[in-house]
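Worksheet: one structure, shown below.
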Ligand SMILES: *Cc1c(COP(=O)(O)O)cnc(C)c1O
């Protein structure tokens, strides 16, 4: 039987069985639901997209996968080439992997080894943010900071080499003056911390982070697994502040196949590129550079550019601001909106409990977590469907007594 994610299996509410999906709709048990979550924020083009389907079908007829050890192929070459040109600055060196968590591990390993390779092996520390989420593998959990997800880490004791700070410039400056010479990297979900509660913080923090990283010789790592491909209204936050290493995942393949990439700039790559075999990056996920995933990612990027998704996301943000304006109710602490993300922070997690059923009864699929009721819809959503989602989010508070 299936062991489901983030769930106590005993007494688990049975999941909705999906029999079809098309555009923004999920079909289940004779019902049609608007998907307000985009399958953990990845299905930016919606489901069953004819062009995405065709890209994968035409690749599957050639071959689905060959390993990247000693072999290469056109889909992975094209994607790496496209990302090198498309991503800002000199983020040119693409290391592929099969999930966001693994791509985070690769970035953290890269940052550590970069300094070992260039003879600064005292740089064993990582700076990270409070409320951050970087995935569920062990080092990613340690870089993350959310006890609600990762309380089991307590059993192992705290990793003294990972420091977490609030998203305040004064804390950032203090961390660098205390630990600057020992930090190999600062890793952040830039601008929007998603799984930690859709927390938005200032771009000034990131600008200052860039300055301090330059001053202290620390690498700046952006985990844009969630924020990449437009979710904050920017194509990438990396377009505003340039990191040394950029991590992409989730929407990379338009939600079709799990894949991720860790992209290093010229400086980082140069730290590995020499005659010493011990300076090589010793990592290689079996399915890295999967041909179907690369074909999907290429097509996804093509559609994203051609159909001006940034304008679509701006429109989602405008509609959301208009519809949520002045909204407050019992149980609501704050409403936060950025790009294609709308979040209602509730007073406590009790408040969110009944929302999934309420949404289902009103034709919307939602999966609130902790204290947060949110939507991150596919970017192709119509105004009417978006307004329906927002109406359901608001109506819940009108109809319930907290
Ligand atoms: C989802 C997520 C990850 C982990 O990605 P997986 O593909 O689930 O392993 C890492 N970082 C951020 C910011 C995420 O949102």
**Item:** Per-peptide average of other Cβ atoms within 10 Å, ordering 298-308, 107-117 highest first
**Value:** 107-117, 298-308
**Prompt:** Normalised by the number of residues in the chain, what is the relative contact order in percent for Cα pairs under 8 Å and 6+ residues apart?
**Reply:** 22 percent
**Complete:** Using alpha-carbon positions, the gyration tensor of segment 101-174 gives root eigenvalues a ≥ b ≥ c; with a/c under 1.5 called rounded, otherwise prolate if a/b exceeds b/c, else oblate, the class is oblate
**Asked** What residue among 278, 265, 53 shows peak mean-square fluctuation when the chain is described by a Gaussian network model with Cα springs under 10 Å?
**Response** 278
**Asked** Once the piece of chain linking residue 73 and residue 54 is laid out straight, how much longer is it, given 0.36 nm per residue of separation minus the C-alpha distance between them?
**Response** 5.0 nm
**Complete:** Expressed in Å to one decimal, the Kirkwood Rh of segment 1-74 from all distinct alpha-carbon pairs is 15.6 Å
**Fill in**
Using alpha carbon centers only, segment 216-254 is separated from segment 1-56 by a whole-angstrom value of 25 Å
**Request:** Measure out, as a whole number of angstrom, how far apart the alpha-carbon centroids of segment 346-393 and segment 126-197 sit.
**Result:** 29 Å
**Item:** With Cα atoms, 0 to 90° folded angle of helix 309-324 axis to the chain main axis
**Value:** 50 degrees
**Request:** Determine the shape class of the chain: with a ≥ b ≥ c the square roots of the Cα gyration tensor eigenvalues, call it rounded for a/c under 1.5, and otherwise prolate if a/b is greater than b/c, oblate otherwise.
**Result:** oblate
**Item:** Per-residue Cβ neighbour rank within 10 angstrom, fewest leading, 227, 28
**Value:** 28, 227
**Item:** Gained length - residue 130 relative to residue 64, 0.36 nm times residue gap less alpha-carbon distance
**Value:** 19.8 nm
**Request:** Take each of the peptides 244-255, 377-388, 202-213, 129-140, average the number of other beta-carbon atoms within 10 Å over its residues, and list them starting from the highest.
**Result:** 244-255, 129-140, 377-388, 202-213
**Prompt:** Efficiency by 1/(1 + (r/R0)^6): what FRET value for residue 391 and residue 276, r their Cβ-Cβ distance, R0 = 41 Å, to the nearest 0.05?
**Reply:** 0.10
**Fill in**
Shape call for segment 134-203, from the Cα gyration tensor axes a ≥ b ≥ c (a/c under 1.5 means rounded, otherwise prolate when a/b beats b/c, else oblate), comes out oblate
**Message:** Over segment 204-249, what is the relative contact order in percent, taking alpha-carbon pairs closer than 8 angstrom and at least six residues apart?
**Reply:** 42 percent
**Prompt:** Looking at segment 29-127, what % of the alpha carbon pairs are farther apart than 17 Å?
**Reply:** 73 percent
**Request:** Considering only 277, 285, 88, give the residue with the highest GNM mean-square fluctuation for the chain, with springs between Cα atoms whenever their separation is below 10 Å.
**Result:** 277
**Simple spin-label estimate for residue 82 and residue 6 in nanometres, 7 Å along Cα-Cβ** = 2.9 nm
**Request:** Please order 237, 268 by the number of other Cβ within 10 Å, starting at the fewest.
**Result:** 237, 268
**Prompt:** How long are the semi-axes of the ellipsoid equivalent to segment 79-214, from square roots of 5 times the Cα gyration tensor eigenvalues, in whole Å, largest first?
**Reply:** 22, 19, 18
**Prompt:** Over segment 236-351, one equal point on each Cα, no solvent: what is log10 I(q)/I(0) by the Debye formula at q = 0.10, 0.13, 0.16 Å⁻¹?
**Reply:** -0.54, -0.80, -0.99
**Complete:** Rounded to one decimal in nm, the spacing of the 7 Å Cα→Cβ label points at residue 138 and residue 239 is 3.9 nm
**Prompt:** Using only helices, what value at 222 nm comes out for the chain when you add -39,500 (n - 2.57) per DSSP H run of length 4 or more and divide by the total residues, to the nearest 500 deg cm²/dmol?
**Reply:** -11000 deg cm²/dmol
**Message:** With angles folded into 0 to 90 degrees, how steeply does helix 383-399 sit against the dominant principal axis of the chain? Use alpha carbons for both and round to 10.
**Reply:** 70 degrees
**Asked** Nearest 10 degrees, 0 to 90: what angle lies between the long axis of helix 291-306 and the longest principal axis of the chain (Cα atoms)?
**Response** 70 degrees
**Asked** Among 85, 24, 60, which comes first, then next, by fewest other beta-carbon atoms within 10 Å?
**Response** 85, 60, 24
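Read the figures in this text as sums done on the coordinates, not as results from a lab. Owing to the predicted nature of the structure, the values given are computational and were not obtained by experimental measurement. Neighbour counts are summed over all protein chains in view; Cβ atoms, including those assigned to glycine, are modelled from backbone coordinates with ideal geometry.
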